[in-house]
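This report concerns only the one structure given below.
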Amino acid sequence: MAPPSGSLIPERPLGRSGIRVSSLCLGGIFDIQANQHVLHRALQLGVTCWDTADCYQGGRSEIGYGQFLERQPEARREIFLISKSDARDPEGMTRLLNRSLERLHTDYLDLYMLHDLRSPSELTGEMERWVARQKNEGRIRLFGFSTHRNMEQQLLAGATLGWLDVIMNTCNFRLLQGAGMQNALEKCGSAGLGLIAIKTQGGGPIPADAERDPAGQFLGRGFSVGQAKLKAVWENPHISTICSQMHVVRHLAENAAAAMDQTTLSWNDREGLAHLAQSTCAGYCAGCERLCGAALEQPVPVADLMRSLMYARSYRDIELARECFSAIAPGIRERLLATDYTLAEQACPQGLPIARLVREAVELLA
Ligand code: SF4
């Protein structure tokens, strides 16, 4: 499936904001400084939603976008630019926002987010007032958070807060099989929140052969399994855009082709994805950390450790895996290895061998 020449990625509304964004978003968890040609091609294809964060690649992601915008300042108004903060206090958020604006060579962000929300309790009244000030001063247009864990609970909590605009969350053909996820997306949609889906290929810490196409039904209909997985997420009417890491032009072209293609999934395609989700679920971490976390005597960032392994094994990106591991588990190597995970494994709905995987994460990434 090649992108039709001359056509652009379709746009979708971003919640109640009145803003439309490209339905495919360029995820910036890679060294964009060294991949400027990907940005040029993204713009040509109409992939105008660009995502990054202060922490990605030690800042090289933001610097790379900024390098592009410094050379092509006229492109700024075409791009819906997203960045994120790991700070939670107003002073820290101001400092990181200033740094993002400086690196990105812009005086405003279209969307600013809290990176990797751990609990809705991080969304304080003090933060709400900070957001209102930044919007008044024209430094950000919209605000929200990203999350990889306990997604249903975080989405439902976000839907009750009138001052959030957008949530970026893990969402894929596996999680969409559950009524809980469908309901949480529906609640956010009804509340007017824009939704950005990430981790849409559903890779896990134990790589499954998730690209296999047993009945040949996807390839027979002209798209790959990876493209079918994207289509499954776009089928949800509340998802505004899919944010995907696209390090190389070939990957960008494949995703863009899926976004432009008007073919919808058939009943057989959906059944095929449901079967794939079920038959490969044993290697996937669903991020439901409240379940395994409650079964541990002392806190261990299990979902983050599984995500580190996923980057190493499903994404085959060892640098990203090490970066993720070192951010979440500094100095707790001995505790990770000494913890008894028996009850956590019993609580895990995916049946993951948590003890073995934690040990493998430490051995591979520490
Ligand atoms: S290890 Fe199991 S219980 Fe823990 S977050 Fe992953 S899937 Fe959920």
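General observations
- Normalised by residue count, the range 11-277 yields a Cα convex hull volume of 123 Å³ per residue.
- If you count Lys pairs in the range 11-277 whose Cα atoms are under 20 Å apart, skipping same-chain pairs closer than 8 places in sequence, the total is 4.
- Cα gyration tensor of the range 285-365 - equivalent ellipsoid semi-axes, whole Å, descending: 19, 14, 10
- Arg359/Ala327 FRET efficiency (R0 22 Å; Cβ-Cβ; nearest 0.05): 0.65
- Two-site FRET efficiency, Trp267 against Arg133, from Cβ-Cβ distance with R₀ of 51 Å, rounded to 0.05: 0.50
- A viscosity of 1.002 mPa s and a temperature of 20 °C, combined with the Kirkwood radius over C-alpha pairs in the Stokes-Einstein formula, give the range 64-221 a diffusion coefficient of 123 µm²/s.
- Centroid-to-centroid separation of the range 263-334 and the range 12-81 [C-alpha atoms, Å]: 26
- Under a 5 Å amide H cut-off, with hydrogens placed 1.01 Å from N, Asp317 pairs with Ala312 among residues at least 5 apart or on other chains.
- Remark: the Asp107-Arg250 segment gains 48.3 nm on full extension, using 0.36 nm per residue and subtracting the alpha carbon distance.
- For the chain, leaving out every one of the GluC sites (Glu not before Pro) that falls in a DSSP loop and has at most 16 other Cβ atoms within 10 Å, the longest unbroken run is 1-136.
- Other residues with beta-carbon under 14 Å from the beta-carbon of Leu296 carry, at +1 per Lys or Arg and -1 per Asp or Glu, a net charge of -3.
- Taking every alpha-carbon pair under 8 Å whose residues sit at least 6 apart, the range 122-227 reaches a relative contact order of 22 percent.
- Annotation for the range 263-366: trypsin sites (Lys or Arg not before Pro) lying in DSSP loop with at most 15 further Cβ atoms inside 10 Å of their Cβ are Arg316.
- Unmatched cysteines, the chain - criterion: no other Cβ of a Cys under 4.7 angstrom: Cys55, Cys171, Cys188, Cys281, Cys285, Cys288, Cys292, Cys324, Cys348
- Using the Stokes-Einstein relation with a Kirkwood hydrodynamic radius computed over Cα pairs, the translational diffusion coefficient of the range 20-87 at 37 °C and a viscosity of 0.692 mPa s comes to 276 µm²/s.
- Relative to the Cα centre, the charge distribution of the range 96-220, modelled as +1 at Lys and Arg Cβ and -1 at Asp and Glu Cβ, gives a dipole magnitude of about 160 debye.
- Think of the chain as a dipole: +1 on every Lys or Arg Cβ, -1 on every Asp or Glu Cβ, centred on the Cα centre; then among Leu123, Gly203, Ile167, Ile167 lies furthest on the positive end.
- The range 94-183 - Rg (one decimal) and Dmax (whole number), Cα, Å: 14.5, 43
Each value in this text was obtained by applying a stated rule to the coordinates, not by laboratory testing. Predicted model only: the values in this text are computed from it and were never measured. Virtual Cβ from ideal backbone geometry, glycine too; neighbours counted across all protein chains shown.
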